[in-house]
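Accompanying notes for the structure given below.
The values are calculated or read from the model by the stated rules, or taken from the named source; none is laboratory data. Just so it is clear, the structure is predicted and the values come from calculations on it, not from any experiment. When we count neighbours, we look across all protein chains shown, and the Cβ atoms used for this are built from the backbone with ideal geometry, even at glycine. The area values use the complete protein model at the heavy-atom level, side chains included, leaving out ligands, DNA and RNA. Shrake-Rupley method; radii C 1.70, N 1.55, O 1.52, S 1.80 Å.
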Amino acid sequence: MTRIEEKVQRGFDLMRRAGEDSDLLGAALLAFHSALSDYLDAELRRSPLLSDVERQAIDEGTMTWPMRATLAQRAGLLTEKQRDRVLEINRVRTGFAHGEGFAGSARSVAAYGEFVAGLCGLTSSAATRDTAAHRVPTGAHRAATSPTATAAARPSATTASGLRARAEERKARRTAPIPESGSFRVALAAIAVLLLITLAVVGLQQLTPSTPSIAGAPPTTFSATIAPPPTNTPTPQKARIVNLPPGAPGWLRTTPSFRAPTQPIPLSEGLEVTLLERDPVDAEGTRWRFVSVGGYDGWCPEHNLAIGNG
C-alpha cells in the first residue's frame, strides 16, 4: 500500500470511528487533504511545465497550497472548480490545525474523502465503497424511482420465484428445531456429565471438615486472593510550541533534520503537542524531541517546546 493509499484509508477509518465527534472528523479531513497534497506533488514532479524553483519548493516541503493548486490546474490535474473547492477545504484545514473548532459535517468530510480518492485513482478501494454505501445520492434515488428504472430493475418471473424459494428456505432454517443428530446427543451427554462431576466436587469440599491447627488455633485458610499492586499508567506529557519566527509557522520533520520532509500540519505559537516515549536525538547541533499533534507524529527542535504546564 502506498503512502497516499494509507492516508486515504486512515481518513475513512477515522470517519467510521468519528460519528459526530468534531475532532475526529477534523483529523479525517487532515488525512484526506494530506493524501491529495502527496498525490499532486508526485504528479507535478513529472510535469515539464514546472520551473526549477517550483520543483525545489516541492522537494523541500515549502510549496504553499495556493501555488500547488494553481500549478495543478495549469498541468491539467485540477479543473478551475476543483481548484476553488480544494482551496476552500484548505482554509478549513488550516483553521483546525491552528486550534479552531471543526464545524464541518460527517457527510461533507465523507464527500471530500471520495473526491480525493477519485482524483488519486482510488475510487475502487474498499474504504471508499464502505463509506459511500451509507449515502444515497439524490440523483441515484431519483433515477431508481423513475418508471423506466423500476421496469428495468424488476426481476423476471423465474428470478422472483428463485428469490422467494431462497427466502422460504432461510425462514425454515431459522424456525427449525435443534437437530437431533447422534453427535449432538453425545455432546449434550458430555456436558451433563461434566456438570455432575463439578457439582459433586463442590459438595465434597463443603462437607469436608477443616483440619484443626496446632494448640487449638483456628485453621489457617490459604485461599485468600492476593490483589496485585495497582499499576500506574503514565500520563502523556504535554508541551507547547514556542519561539517561532514572527508570522511564520513551524513544521514537524519526518526525521530529526532540518532537511527532512515535513508533515502536512503547520505548528503555530502556543499550539499544544504530546511528547511521545522516544529518546531525544542530537543532530545538526540541535536536540530533537518526537511529538504528536493533529494525528501526525514527527520531530521538533527542543528549543521550540515549552514542556509541562507552563
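What number, in nm² with one decimal, is the all-direction average of the projected area of the convex hull of the alpha-carbon atoms of segment 1-105?
Numbers: hull surface 28.3 nm².
Taking the Cα atoms of segment 1-105, their convex hull projects to 7.1 nm² on average.
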Next item on the list: Could you provide, to the nearest whole Å², the per residue accessible area of segment 12-79 with probe 1.4 Å?
Entry: 47
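Within 12 Å, Cβ to Cβ, of Thr70, how many net charges do the neighbouring residues add up to if Lys/Arg are +1 and Asp/Glu are -1?
Numbers: positive: Arg68, Arg74, Arg83; negative: Glu54, Glu80, Asp84.
Around Thr70, the surrounding residues sum to 0.
Over segment 239-310, with every protein chain in place, what whole percent of the accessible area is carbon and sulfur at 1.4 Å, could you tell me?
On the way: 1860 of 3700 Å².
Percent of accessible area from carbon and sulfur atoms in segment 239-310: 50.
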